[in-house]
Each structure stands twice: as structure tokens, then as C-alpha cells.
1. Restricting to lysine pairs 8 or more places apart or on different chains, what number in segment 1067-1163 have Cα atoms under 27 Å apart?
2. Please identify which residues in segment 665-690 have an amide N closer than 12 Å to a label point set 7 Å out from the Cα of E708, following the Cα→Cβ vector.
3. Could you calculate the contour length gain from T252 to A61, that is, 0.36 nm times the residue separation minus the distance between their Cα atoms, to one decimal place in nm?
4. Across segment 68-81, in residue order, what do the Karplus-derived ³J(HN,Hα) couplings come to in whole Hz, using 6.51 cos²θ - 1.76 cosθ + 1.60 with θ = phi - 60° and x for Gly and Pro?
5. Would you mind working out the accessible area per residue for segment 681-744, using a 1.4 Å probe, and quoting it in Å²?
6. So the label point goes 7 Å from the Cα of R47 along Cα→C-beta, right? Which residues of segment 340-354 then have their backbone N under 16 Å from it?
7. Mark the label point 7 Å from the Cα of L374 along Cα→Cβ and return the residues of segment 309-329 whose backbone N is within less than 17 Å of it.
8. Count the net charge of all other residues whose Cβ sits under 11 Å from the Cβ of I1128, scoring Lys and Arg as +1 and Asp and Glu as -1.
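The values are calculated or read from the model by the stated rules, or taken from the named source; none is laboratory data. Every value quoted in this text rests on a predicted model; they were computed, and no experiment measured them. So basically every Cβ, Gly included, is an ideal-geometry build from the backbone, and we count neighbours across all protein chains shown. To get the accessible areas, we keep the full protein, side chains included, count just its heavy atoms, and leave off ligands, DNA and RNA. Shrake-Rupley method; radii C 1.70, N 1.55, O 1.52, S 1.80 Å.
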Amino acid sequence: MYFLSGWPRRLLCPLKGSEKPFHIQPDSRRLVFALLSQTQISLWYSRPSVLIVSYKESAKAASQFGSYERTEWKPDSSMIAVATANGYILLFDIVCSGQEKCLYEPVYPKGNPRVKVTPGYKEEQCAPSLTVEMKKVLDFQAKITSLQSMQDDLVIATNDGILHLIHWDGLTNGRKAINLCSVPFSVDLQSSRGPSLDFESVHIQDMEYGSTLDGFAVVFDDGRIGFVTPVSSKLTAENLHGVWAQEITDGTCVAVNNKYKLMAFGCANVFGAHLFCTLGGDFAHYSDGTKKEPMKISSMIHSTYLESNWPIKFAAIDQLGQCVAVAGKYGIAHYALFTRKWKLFGNITQEQNMAVTGGLAWWNDFIVLACYNLVDQQEELRLYLRSSNLDNVFAHITKVQSETLLINVFKDMVILFRVDCSICLYSIDRKDDGPNPTASVQVLQEVSMSRYIPHPSLVVSITLTSVRTETGITLKMPQQACAAESIMLNLAGQLIMLQRDRSGPQVREKDSVSKQKKLLPFCAPVVLAQCVENVWTTCRSNKQKRHLLEALWLNCGEAGMKVWLPLFPRDNRKPHSFLSRRIMLPFQINIYPLAVLFEDALVLGAVNETVLYDNLYTRNNEKEPLEVLFPFCTVERTSQIYLHHILRQLLVRNLGEQALLLAQSCVTLPYFPHVLELMLHEVLEEEATSREPIPDPLLPTVAKFITEFPLFLQTVVHCARKTEYALWNYLFAAVGNPKDLFEECLLAQDLDTAASYLIILQNMEVPAVSRQHATLLFSTALEHGKWDLCRHMIRFLKAIGAGELETPPPTPTHQEPSSTGGFEFFKHRSISFSQSVEGLSASKFNLQKTLSMPSGPSAKRWSKDVDSAENMYIDEMLWRHARRLLEEMRLKDLSSFAAQLGFELIGWLSKERTRAARVEDFVKALKRLHNDFLWPVPVIPSSCLVNSPFKNGKYKTVGEQFLNSQSTEPFVTSDLESGVINAHAGHICLSLNTAHTQTDSGSLQGPQTQDAILSPLLSKGDECSIGSATDLTETSSMVDGDWTMVDEGFSALSLTQSDLEYISMELANKGPRKSQVQLRYLMHIFMEAGCLEWCMIIALILRDSAVICQIISSIQHSEVPTDILQGIKSGMLAVDGWALADCPGYKPFLNRIKPQLQKLNEITEEQIQPEAFQPLSRVSISKTVEAPSSWTEDNRNAASHINSSQNDGSGITSRPEDDGQEEEEEQQLEDEGSYECSVS
């Protein structure tokens, strides 16, 4: 198959003249072509395309003979005949000027070995110098309509209905002219000689001789077409018999394909189609077979080899697709993709002394070729190793008896088809006994095909294959795959199979090994198919895809493709006696097939397209450019799936079980869903648009077949979406009610497919039904977090409610997870916590606070038609879902829900803070947050509990200050999980402050304790801002910072190993940075909404004592309901008990915030008994409705572990505090706990 590419090349004629050429005729070897004008004939060399000689008729002769009309070459290119308008035949001799004179010679650089090394150098590499001499003039006294060369004769047809036979020397040799009226014609050659047709006024307009057909294909001037052949060897009027094609009356021209014994007749141009022909050319095309694959590879054949061996006749690629071998006139060359280098013969003489005649093939890393040795004049079979130099020294050469026409390789066997119509099988063995691997070739078997092949040139291809007809094969036991069972021979389009004969006694011979190895004879040939152009088979085996690998694939031209498919009984059952072992299934494709990918169920091929460029010139131009006369031709390599065609053919033939087996073997293919969709769509289109009733429709069978696969629901809805609405009723009558299919999608949690069915329901059902199903899908999508689908459903429901059935929403695609985990909503808000503790009054939780909401479609959702009934309906669904998420403590899902759908979370939480926003079980909520946000539960190793100086009180303030900074300073906590501490100023220093400072309310030490305080030394202007988006996302490394411990009373103080372990454990107890950012966002949201219980829980998981201080202070300065206070108190008591029993890692933080918890206890007591204010020292003995606080008991236990030399009354619970002390502590809390959070 030839494909046109680009524009044709324009050849400029160096001769001056007004005559335009109108006819071109190449010689038999396509080396020289004749160009004809009215009174001139020119001979051109094809490569390079240069003018050799031109002959121009004199004016006197031209007036006598008339203008030139057509020409014909003698088979050996030594003469040429020209027919003129006045009925003359001019015979010219083509004379070579001599070997020493050439018009054009290739120029090689100095030192190049490619010089005059062969006897045919002048002929093969140089444009010869030729002369044209008129030899004879013949006058037929009638207009010549056609002339054709037939071996040594020239057949001439004239307009008087006569066929003239003359010899090329101009003599008739006594043969008489043949009158067409005397030739009998019938409808076929097998019919008896019928009466002559009426050819009184009919003559031959065009004819061509077919050597393999042994006759002439003719076109008559009245449009009838036929074939004329001699009954005997002599071409006389008495021996001729004609066959004519009925009902053809518009024939114009004819061409013969001798290889396939085909006659092609051109008829009248009805639709404006044109036929183009080129002489040939070298084009580089991509050969990977994919359309969108970026790694396409092409390599031009080495110019050194091409210039002396053009044209390329054979090419072969190895099994891995990495190596290519080509053969031209002489020698071979091969190319490796992994080295991107060509290998040529180092010895040019060896290259020019060998001509490949039968093709070449790859066997592992050997090139196998059939060639003719010009020096020894011997046919040979050669093997060249790819890795060795291309030299005859490294070749294995086997002499063969006669010329080889075709060669092929199957596993370790080589099959040759020779000119004597015989087939020879060879075995190849690899030997690695030397420095370079070698191969040995041995004859295995010879088969004569002379009885079945009329001419050896009719054989198109030959191959060995494991395919056979009789098998008794089963799925469990692969057929003796891999053995050479059959020979496939393409004889002029007829695919002939010769399979081994297993019926004889040789099958039962098991006496010796030699007899077992003896190859079986072949049966008589059987014709499998007609009009075959290409055949594909493979020797690979795969138990999962036996149907595809053991099938025979055929390209049958206009008839499309065919597959000879094996049929296997299911579950190893005995096959039915009436069931054939194989079946031939035809199917159509839209490309010209070039290769078959067996396991992938793909056909690789090419498509020729044309592009017109009419706008490249103006009509005023005298000479139109070539680009306007001819279209630009493109060749596109592409692929096409065919599996749906085969499945349909099997279902048509009631072979559903075989179709199911084949389909199940291909379910892993990425385009298998598309296969099912194509099959359903094609059957639907054909049957639903048929004007005639279909007695046995296939659509129900196809629908039942598709239900065997999990992709049934997607296949149906995708097919419906790509089909006209008018065909939906026919489709769903076969596949089922769309409402039922919608419900199946919901049960299978395939919400995207359910959305597609909703569009179907919108068009087929009333709005109430669509609303009902949309509501159900909306609720399910909310539950599964399908936010894109939720947004579509909101728009869909609003459209239905408003009565505006707008364009159906597109089927949602897969939603990609966002980088912030569904918290994009908070990027559009600005949250400020710059107020001091005193500023956190009741106005802090004012629900009327203005918030900056997101812009875009999500903002319009809340601003447009807020009071409409449909919006209220949607809002109710959103509120219900948010309430359920909050009640189930799914804060992460709630945040994603609000962020994705633009839900006003703060306002809604403010309304729900006394209802759904209440926390009944603090411990359960804490555990849920740990699990949802992947936050580790804090743990303390036993070594830290026993040996840590922080546990014993030594350097307590140092460690506490340090660890407090990790949870309250965002610029420090941003990279805790990576173990890197960051600061704005570059360096952080540990300084041991010797000033006797009064301990804050969070310290368990006495006032005289010498504190070691770990504090960052920041540059001026730095502020500790918590929650800042910049601080949470930007870090400045201080890995190079120096850490020192300095004190007046100590020259140097170092942390011990246990101290470092304790600090490392605290750092390890932090969760991922992403979760930390999300939790702090949530804490700010709940703070603004006034949901203090959730604020306490989030502060606990973050172990942020500063936030605890803010919450307690805000409770002091605002009116908080008593039940919420009681809930916080009881919840913290439950957390304390849980930490004591199951999670001791929380105890250090709970001990650190005991003063705040005691203050919470006081506030709760004051609200319950406002008339009986109790100081802090009496909290532990006050009688309330609550159980005695464990914080007092823990305080006593903690105090008992403190060294008595430090302070006699260091316990907080035993020391009364006056009002001034409280104010000072509050002031210190304000200084340490106030922070600023700015999120954008």
C-alpha cells in the first residue's frame, strides 16, 4: 500500500518550446521514463530526475504522421513505439552511447571508498548517455486507439475494430489481423462458446496485457468491458475467447495487477473523484502506531547506502522494535534505536556482490536473508549477527538450490518459497562457543507446491503458524501452541492453509526420539479466504487471552478485515459435536491496517488525507502554482479498536458464551468501557432508525450481555447522552427504566453516573420526579463529599424550582483533592484576634458581625433570591447536613462542606451554639479530632517520667517556657514535625534569667525558685502574632543558630540526655503542619461563633494554654449560659480522668492550665451561687452540685513531689490570694496570652 505525502515535485524541462507534455510512460524497470508532446519525445532518468535525450520530429514528417498520441516500451527497454494521430506507428531504437560516457556521475569526497568498484557502476550509479534513432514507420491506415507490449510482440488496436500483431522489428511474420466481430464472448470462461456480440461499430478504446492472466483486459468505446484470452498458446482469431461484464456501460480505462491477478476498470466520474499516481519517492514516516504519543522516532536511511542502492526493496524490524534492517539493489544496512547508528558493509565489494532477492527477517539478534551471490552466481541463505561488523567473515552462509522469492521466520525455523514453487523449512540453532555468537542452519523439510501454484510470482506472502482447524482444544490446555502446525500462503489474494497431517500412523510412533522429532507431512491445501492482502499471526501464548493470540487476522481490502477466531468450550466441558472449532468473522475499520496488536485488541494503520490551499494564489496569475493544481497529502498514523465488532458478530450468531469469554479476557484494557459503549451505540442506531420492522432485534441481547459487567450503568448512560433524544425510549425499553438505573447507581455509590441519569430523567419525566431524584442525589453527594456534584445539584434544584429548565448540568468529572484539604473558604475571610483579654467582651461574639464572604458563583448562591421558597428548601437541606456533621463531631467534613459550598458557617454556628454545637462528650470529641486530623495523641516515655528534670521541678520554667512557645508561637511551630525551629530574626538564644520574678498562675513552683527561662531573642519590631497566615505558611530557617545557657551563678549549664528526650517527645507529639493550620482556623471560627466548648477541645488538642486563658477571660467578661459552663467544667473533668487513666501524655498540659481550670471552677460556682463568693483557696472545699474537683487533689499530689526546701507552702490550693495578686496574674496572662491572628 502506497500513501501520498506532501505535494508532488515539479521537474523543470531545460528545453525551450511551446509544446506542453501530455503523456508519460515508464519502462519496465522504472529507471527511465518517456515524456511525450505533440512532435517530441524525451527520455528522463528517474534518479536523479534529469533529462537524458530528446527527439523532435521535423515539420514535414509531423505533417505526414500527425501529432504524437501514445507510446509503449519494449520489455527490455531497447525500443519504444509511438502512435501518431494519422495512424502511424514509429519504432525507435534506444542506443547507449558507451560505458565510458555518462551524462551525470556522483561526486564522492576524497578518500571515500564508494568509487568504481563493480562492473555495473556506470549503469547503477550514473545517468547514462542515450540516443534515440528511428528504426521503422508502419502505416495502419486507421486511427490507433491502443497499443500494448506482449513479450516479443506489439499488439495494436485501431478504430475499425481490428487487432494487429506485429513483431518489434516491424514484421507481421505472416499473422493475420483479428477482427473483434469474429471473437465469441460469454459471461464467464466456463460457459460454452456463445454467439458473437454485435461489434460492427465497436472498437477497443483501452487495453492492458496481464502475464499471469494470460490475456488482455479491454475497454470498448461504448463503455463495455471484458477480457480476451487465447484458448491455446497461439494468439489467432480462431483461438480467442472473450468474457464481458454485464450491466457495465461506462468503462473508461483499465489496469492489471499481475501479483493478485486483478483487473481494475475505471468508470465514468460521477462524484468528482480523481486518481493520482506517482513514480515513487522517499518519505520518512513515524512507525510507532500511536496518535498522541510524543516519543515518535524516525530515521532516514544512511545516504551513503541509499545513493548507490536506491530503491529500497525490503525492510524488516525485530521483535522488540529496536532494530531495523533494509535492503536495496545490493547489500544490506541495519539500524539500532538504542545506538542511533547505521551499520554498513565495511568492504564495499562485499556489498555490491550480493543482491537480496527473497527479503530479509530478524531471528533474535541475527539478520536472516535470501540473496544471490553475483561473484559465485549462487543463491544463498545468510545470517549476519547484529552486534558484529557487517562483513562476510561473521556471516553464516548456506547454499540453496534455486532462487528464493519469499522468506519468513517462525520461532527457530525459517521458511523459504522458491522460484520452482517449492517450500523449504530450515532450523536455526545458536552457538556461543566462540568469541562471537554464531548460528547453524539445517534443512528440515521440503514441500512442492507446483501442482497448486500456476506462477511463482503470484505468491504474495508465506508464513508458518501454530493455527490449525482440528484441535479439540480447551481453555484449560492451550493448543500445542507454539509448534509449527500450518503453512499460510497468500496466492494472488487467496489464503491457502496447509496443516500437518495427524491422521497417519506416524502420530502413534513413539519408539524412538528420532521418530518423535520427525516432522509430520502436510495435508492438501485448503482455501480459507479470498481477496486477502495481509495476514497477521503470532507465536506468543497467553492463557488469559487465547482468543486474540490464537486467532488469524486478515486484511481483505474493500471487504474490510476478517478474523479466524478459535472457539473454546467453557469450564473445560466437552464441546458440542455440531460446534465448529473456529469461525470466520468479518468487520469493518476506517483505516488501512498495517499491524495488529494482539493482546491490546488494536489495529494500527494509516489514513491518507488531503488539504486544499485555494487561497495561495490569485486568479489573475498567468501560471497557477503546483500547490493549487494538486492537494497537499498527509499520512496520519493512528489506531482503531475492533473488539466491539467481534463481540457483536458472536452475539448475532448466538455465540454469547464465546463473546463473554472473549470480553472477560479484555476487561483490563483501559478502553474496554468504550468497547461496550460502541457496541451498544451502533446496534441502537441501526435498529432504532430502521424503517423496516426487525424480526429479531439484537439490542436486548446486547443489553443483557453488558449487564454481565460492572460498567453496565455507565455504559448505558454514556450511550444515551451521545444519542438523540428520539432514540431514548427504544434504548431504555431494552436496558430498563432510568429511574431504576438511577437507584442502582445510588446503591453502588456511583454518584457521577447517577447525575448523568438525572439528566435523562429531566428530559423524560415531569419536574416533580426530577426534583425528587435530585434531592436524593444531593443528600447522598453531601454525605460523600462530592462538592462539584453538590454545586451542580444546587443549580439544578433552583432551575427546577423556578420553572426554568435550563441546560442540563454537565456530568461531573472526578474531583481533584485540593492542596488545603477543603479549607479554601477561609482564604476569603479575615479573622483578627488583636484585641486584648479585656477587649474580649460580649461584643466579641456578636452574631451581627460583618464578614467578608467569597466572591464568584458561591457568593451569588447566598445573595440571589434568599427569601425564595426554593432557596429555603436548599438551605434547609444544607443546615440539616451541617447539623448532622456537627452532632457526629466531624469537624473536618464540616469545614470542607462549608468551604466548598460557600456555607455561612459562623452565622449558622452562632444559631446552633446552644443546640447542635454543644459537646456532650469531650473525650469522644477529642478522640475524633485526633483521628480525623491525623494528630498524634501525646505520650510520655517512662524515662522522661522518672528522670526528667522538668518532671522533678528542675529547670521547670525553662522547659515550660520553651514548650509553651512551641504551641503559642506560630513561627516556631510551623516546622515542628521536621525538627527545625524557626524565627523571624534568624537566631534564638537560651538565656538563664537570674532575676527573682514572681511566678505566674500556671507555675507549680514557689516564688523563691530560681527560674531558667528559655526565650527567643528577636529583633526590634518583631511581634509574636498567632494565627497569622504569613507566619503559618512562611518560615525562616535558624538551623545555624547557637544555643547557650547563661546564668550569673553558673558558668555553664548543659541539658542532659533525658532533657533532650523530653523536649524531642514534645515536638514529636505535634501533628502535621497542614492539620495544625486547619485546627487553628477552626478554633477561630468557633471563637467568633461563641462555641466555647469546641474552642476548649481544639485548644486541648493543640495544647495551647494561651487560648485557654483567652477562653476563661472571655467567660469572665461575658454572659455565658450556665449549662455551657457546666458542660465545659464537666467535660474538662472527664478529659482529666481520661488522661489520668488512659492518656498520661495530656497530664503535663492539664497541670500547666490548672490555674485557668480553677478559675473556670470559680466562675461556675459564682454563677450557681452568686451570693456566696468563695476565694480561690476555698474552691476545693466548697459544696456544690458538682463532684469535688480533681484539680485540687492533683495540686496536692503535685505539691508533695516538690522539695520541701523550696517552699513550705508552694501548693496553690493551700495559699490564699488577695485581689492584688489576682490582678497581677491577670495582667501577666494578658501580657503572655494576648496575640494577634490575621488570616487572609
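1. Details: K1070/K1129; K1070/K1147; K1070/K1154; K1074/K1147; K1129/K1147; K1129/K1154; K1129/K1159; K1147/K1159.
Step by step, the pairs that qualify in segment 1067-1163 add up to 8.
2. 665-667, by backbone N distance to the label point.
3. On the way: separation 191, 0.36 × 191 = 68.76 nm, distance 3.14 nm.
65.6 nm is the gain from fully extending T252 to A61.
4. 5, 10, 7, 9, 8, 8, 6, x, 8, 6, 8, 9, 9, 10
5. Details: 3530 Å² over 64 residues.
Per residue, segment 681-744 has an accessible area of 55 Å².
6. Under 16 Å, as judged by backbone N against the label point of R47, lie 352 of segment 340-354.
7. Answer for segment 309-329: 309-314, 327-329.
8. Working: positive: R918, K1129; negative: E1093, D1123.
For residues surrounding I1128, the net value is 0.
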